[in-house]
1. Please tell me which of these pairs span more than 27 angstrom C-alpha to C-alpha: K127/K209; K111/K133; K7/K209; K48/K144; K46/K127; K7/K128?
2. Hey, can you grab everything whose amide H is under 5 Å from the amide H of L207? Only 5+ residues off in sequence or another chain; H modelled, so Pro and N-termini drop out.
3. Mind checking the per residue accessible area of the chain for me, 1.4 Å probe, whole number of Å²?
4. Test of the criteria: in the range 12-61, which chymotrypsin sites (Phe, Trp or Tyr not before Pro) are in a DSSP loop and have at most 15 other Cβ atoms within 10 angstrom of their Cβ?
5. Taking a temperature of 25 °C and a viscosity of 0.890 mPa s, what whole-number D in µm²/s does Stokes-Einstein yield for the range 103-214 with Rh from Kirkwood over alpha carbon pairs?
6. Taking every DSSP beta bridge that has both residues in the chain, what percent is antiparallel when rounded to the nearest 5?
7. Between the range 164-211 and the range 26-102, what is the C-alpha centre distance in whole Å?
8. Taking all pairs of distinct Cα atoms, average 1/r, flip it, and tell me the Kirkwood hydrodynamic radius of the range 151-214 in Å to one decimal place.
Amino acid sequence: TRTSKPKRILAYVEKHAVPGDAESVVNAIDAYCSRVEWAMNVGSDKGKILDRVVSETDPDTVLELGTYCGYSTVRIGRLLRPEARLVTIEMNPDNAKIAKQIIALAGLNSKIEMLVGSSSDLIPQLKKKLDMKTLDLVFLDHWKIFYLPDTRCLEETGLLHKGTVLLADNVVCPGTPEYLKYIRNSSRYRSEYFPSRLEYLQVEDGLEKSVFLG
Ligand SMILES: CCCNc1ncnc2c1ncn2[C@@H]1O[C@H](/C=C/CNC(=O)c2cc(-c3ccc(F)cc3)cc(O)c2O)[C@@H](O)[C@H]1O
Ligand SMILES: [Mg+2]
């Protein structure tokens, strides 16, 4: 059957990355998407900010919304302690299939679990399904209009604790105006904007880091 962009990314990673070396998987995807074809991975500029937030948070439990090809999943997973757990949610089964292979190639299966389905359906089940007490870090990178409803859902399902960090991609481009308006005006969060560049381009974008205050 015809290839897709995720399939072409996987083929390039299989050819150029070193199995079990998560760093080489991240570098291979960045090489492909900067030289051959653009893809909506968080990329290396914003990725360095993501790395710093993950390292400073040093989370036991991470939730990612919107796996796509697994670039940020691997980027985050490579920094986690062996006993830490990352759950990533992806609703498109074709993307999930590719991402699973990229995560496996990076050697991160022991730390990463992918749930195939929509965040709206799966977030309410997280607490019991994965014995998830609470989340230490949430990375939002799915359809931008769902950042706010899903954040409200995370609040209501008791998955956030005092100190949980929400990190949102693309708050400038494509932009997440409703989410930003809510999170920056809520007394329940302390937010900070990290300016950067849209992946693989010279366009302004950035990450919004918001700490839940309980
Ligand atoms: C019920 C829908 C909401 N819940 C969801 N639950 C589970 N998975 C979901 C999902 N929404 C989307 N997804 C998945 O996340 C991925 C979608 C990500 C959306 N990201 C973007 O649109 C995006 C877009 C750009 C972009 C920037 C500039 C431009 F000109 C064009 C695009 C840059 C980015 O960094 C982006 O993240 C897909 O794999 C999709 O299947
Ligand atoms: Mg993004």
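1. K7/K209; K46/K127; K7/K128
2. F194, S196
3. 45
4. Details: sites: Y12, Y32, W38; in loops: W38.
Counting only loop positions with at most 15 other Cβ atoms within 10 Å, the chymotrypsin sites (Phe, Trp or Tyr not before Pro) in the range 12-61 are W38.
5. 163
6. 40
7. The range 164-211 and the range 26-102 have Cα centres separated by 17 Å.
8. Numbers: mean 1/r = 0.0813 Å⁻¹.
Here the Kirkwood hydrodynamic radius works out to 12.3 Å.
The values are calculated or read from the model by the stated rules, or taken from the named source; none is laboratory data. No experiment lies behind these values; they were computed from the predicted model shown. Reconstructed Cβ throughout: ideal geometry from the backbone, glycine too, with neighbour counts over all protein chains shown. Side chains included, ligands, DNA and RNA excluded: accessible areas come from the protein's heavy atoms. Shrake-Rupley method; radii C 1.70, N 1.55, O 1.52, S 1.80 Å.
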